[in-house]
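Scroll down for the structure; my scribbles are underneath it.
Each value in this text was obtained by applying a stated rule to the coordinates, not by laboratory testing. In this text the structure is predicted, and so the values were computed from the model without any measurement. Cβ sites come from the backbone with ideal geometry, for glycine too, and all protein chains shown count toward neighbours.
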Amino acid sequence: MRGDRLKELRKSKKISQLKLAEVLGVDRTMIGKYELKNHQPSNEILEKMADFLEVSPAYLMGYDEFINNPNSEKYSTVEKNIIDKFRKLDNDAKKRILRDLDNEILDMLEKTKTKSDMKEIS
């Protein structure tokens, strides 16, 4: 895990090591060890940490340069569910889903335009 990222996120959100430790159910000294890269958190702790800090586990691990997390508050429950399921698909399935989604949006726009045109005629 990138301890520097953990420390930076924790401080930017004004969260003490003690508070983070309480949320994660670990001893405060473990947070210091994570930040100093003296200890790696379990997958369960990493998931809790990422969720609490509103980032992806991949970001904390240094695999992803983007801070975004589908579990952050900017997404509804439905959107989070869609993102989680979409990520599990292979590339061909993702392409099919995106094509179908584009078609649905085009259909919706066409229906909206038709309704608007009908109002102008009346």
Net charge within 15 Å of SER12 by Cβ-Cβ distance, Lys/Arg positive one each and Asp/Glu negative one each, not counting SER12 itself? +4
Among 36-46, 85-95, how do they line up by average Cβ neighbours within 10 Å per residue, starting with the highest? 36-46, 85-95
Would you mind estimating how fast segment 3-61 diffuses translationally, via Stokes-Einstein at 25 °C and 0.890 mPa s with the Kirkwood radius over Cα pairs, in µm²/s? 223 µm²/s
Tell me, how many Å apart are the Cα centres for segment 76-110 and for segment 1-41? 35 Å
Using a Förster distance of 22 angstrom, determine the FRET efficiency expected from the C-beta separation of ILE15 and GLU47, and round it to 0.05. 0.80
Protection-proxy order for peptides 101-107, 26-32, each taking the mean of Cβ atoms within 10 Å per residue, highest first: 26-32, 101-107
In nm, to one decimal, how far is the modelled label at SER76 from the one at LYS37, with both set 7 Å along Cα→Cβ? 4.2 nm
Pairwise FRET efficiency - ALA58 versus ARG96, Cβ, R0 = 25 Å, nearest 0.05: 0.50
Estimated vicinal HN-Hα couplings, Hz - segment 20-33 in sequence order (Karplus 6.51, -1.76, 1.60; Gly, Pro = x): 4, 4, 4, 4, 7, x, 10, 6, 4, 4, 5, 4, x, 5
Give me a comma-separated list of calculated 3J(HN,Hα) values for segment 77-84, in order, Karplus coefficients 6.51, -1.76, 1.60 applied at θ = phi - 60°, integers in Hz, x for any Gly or Pro. 4, 4, 5, 4, 4, 4, 4, 4
Step through the table entries LYS85/LYS111; LYS37/LYS80; LYS14/LYS48; LYS13/LYS33, compare each Cα-Cα distance with 26 Å, and write down the pairs that go over it. LYS85/LYS111; LYS37/LYS80
Sorted by packing (mean other beta-carbon atoms within 10 Å per residue), highest first, where do 3-13, 49-59 land? 49-59, 3-13
